[in-house]
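Below is one structure, written out as structure tokens; comments come after it.
The values are calculated or read from the model by the stated rules, or taken from the named source; none is laboratory data. Please read these numbers as outputs of a predicted model, since none were measured by experiment. Ideal geometry is used to build each Cβ from the backbone, glycine not excepted, and the neighbour counts take in all protein chains shown.
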Amino acid sequence: MNLDKPAVDPSLFPLDPNVTFLNHGSFGSCPLAVLEHQQEIRNRIERQPVHFYQRELEPLLDEARASLAAFVGCPSEGLVYVTNATEGINTVLHSLEFNPGDELLVSNHEYNACRNAIHFAAERNGANVKTIQIPFPIESEQEVVDAVMREVTSNTRLLLIDHVTSQTGMILPIRRIIDQLADRSIDTLVDGAHAPGMLPLNIDSLGATYYTGNCHKWICAPKAAAFLYTRSDKRDSIRPLTISHGANSPRTDRTRFLLEFGWKGTRDQSAALTLPYCIEYMDSLISGGWSAIMEYNRKLALAGRAAIQQELWIEPPCPDEMIGSLASIPLPDSKLEEPYHSLRYLDYWQKPLIEKHHIEVPVITWPSHPKRVVRISAQVYNSLSQYKKLGKVLKKLKESEE
Ligand SMILES: Cc1ncc(COP(=O)(O)O)c(C=O)c1O
């Protein structure tokens, strides 16, 4: 596999050719053809809006759900659309009831927004949140399983766990964790914001109680395409954040779960409706389809990580098997006395990175000031020379502070 040139012509994406874009993980770019398809859907809506919303939308959403369900490996009757993974997490947490003394587990790697959501849910019910300390750098997946199981008690009700961590870019061994928690009747809510399109998924066989994932990251769908899967035994208790007509619909031709999530008020659902096209389009871009995309991105993330480590003289912070298409590398400590706060950048190194070197890549405080990491993303429009360039710039920044 040749990593020296992009797997796919970058001009198929509307990316700025003057920017070295290594942050697909935060907000990925959507191919021009998919955006054109979305525009056609929007034109179709506006041509006959009433006809579209009243008669066409539901069957089209069903079709799109079926295509996504086949892609992520779950029954389509358990999968509904949400706008993003944050909404998926909030939907589940808002639907559940806890008792004082119940313990909810979350890891120190959890994305801040979702951590806030679990604290909010716990406070509302008088439950407690316990934080699992997963080390980074880390030597093996077993350390993750051990860290989770150490915090489990007879009061544990729910684990919120990333499939792929946000700041540290690691694939967590969630199947092993879900199995061990299921033996103790503890529910799992998987934050799969990054997993669809990055990893081969079979959500059904994972056995998680709830799984939310974004399509607007690694599937490259337009923004605001995401899903929530709920296991069959829990579907009656999960309600959307917006209660609408489905709550008292007399219809008996579909479940209350599908009725409620199928209509959450008038909204633009065109992003979700592009999914059948988007999944097929991406598959057709490269010989070998989706599995070749995943393989290219993973190999590129590993090679990119190695190129940066070489410049910075750093050992790999996690084993290769925990890498998908994201990878984080520890950086020298921040030289600032106080944590950095700015609207535009996550760290003071980002200013020269973007303004002088035109490299878009997140430098993230992790786990707390002054420690930090740089997180690279690898997508089909990237190639190895871009990470080598980043490595050289990081080395210069490091040397300028020595
Ligand atoms: C692990 C994780 N969870 C949730 C999210 C939130 O995604 P969204 O903004 O699409 O809700 C992100 C975003 O990067 C993430 O990395």
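Annotations for the structure displayed:
- For Val145, the stated conditions do not hold, so it cannot be described as away from the ligand (no atom under 16 Å from the Cβ) and assigned to a strand (DSSP E or B).
- Contact map, the stretch 71-98: first residue free of Cβ contacts under 8 Å to residues at least 12 places away in the same chain, second residue among the charged types (D, E, K, R) and within 13 Å of the ligand (Cβ to nearest atom), Cβ cut-off under 7 Å, separation 6 or more or different chains; the map is empty.
- Matching option when the condition is crowded, with 24+ Cβ neighbours inside 10 Å, touching a Ser or Thr at 6+ places or on another chain (Cβ under 8 Å) and among the hydroxyl-bearing types (Ser, Thr, Tyr), among Thr131, Thr168, Thr209: Thr168
- Being under 27 Å from Asn84 (Cβ atoms), crowded, with 24+ Cβ neighbours inside 10 Å and away from the ligand (no atom under 11 Å from the Cβ) is a condition met by at least one residue of the stretch 154-162.
Results for (1) acidic (Asp, Glu); (2) farther than 14 Å from Gln167 by Cβ; (3) in contact with a Ser or Thr (Cβ under 8 Å, 6 or more places away or on another chain), shown as yes or no for each residue.
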| position | (1), (2), (3) |
| --- | --- |
| Cys318 | no, no, yes |
| His341 | no, yes, no |
| Tyr345 | no, yes, no |
| Trp349 | no, yes, no |
| Ile359 | no, yes, yes |
| His369 | no, no, yes |
| Arg372 | no, no, yes |
| Lys388 | no, yes, no |
| Glu402 | yes, yes, no |
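- Failed criterion for Pro59 (all others in (1) more than 16 Å from the ligand (Cβ to nearest atom); (2) touching a residue at least 12 places away in the same chain (Cβ under 8 Å) hold): (2)
- Residue, modelled with the lowest pLDDT, within the stretch 1-47, restricted to residues that are surrounded by 13 or more Cβ atoms within 10 Å (Cβ to Cβ), assigned to a loop (DSSP other than H, G, I, E, B) and within 16 Å of the ligand (Cβ to nearest atom): Gly28
- The stretch 219-243, residues that are assigned to a strand (DSSP E or B) and not aliphatic (A, V, I, L, M): Phe227, Tyr229, Thr230
- Hey, Ile132 within 13 Å of the ligand (Cβ to nearest atom) and within 22 Å of the chain's Cα centre (by Cα) or not: no
- Flag for Lys217 being out of contact with any helix residue (DSSP H, G or I) (no Cβ under 8 Å at 6 or more places or on another chain) and either in contact (Cβ under 8 Å) with a residue 12 or more places away in the chain or away from the ligand (no atom under 16 Å from the Cβ) (or both): yes
- Selection of the stretch 217-241 for residues being among the hydroxyl-bearing types (Ser, Thr, Tyr) and farther than 15 Å from Gly192 by Cα yields Ser232, Ser237.
- Lone unmet requirement of (1) within 16 Å of the ligand (Cβ to nearest atom); (2) outside any loop (DSSP other than H, G, I, E, B) for Ser205: (1)
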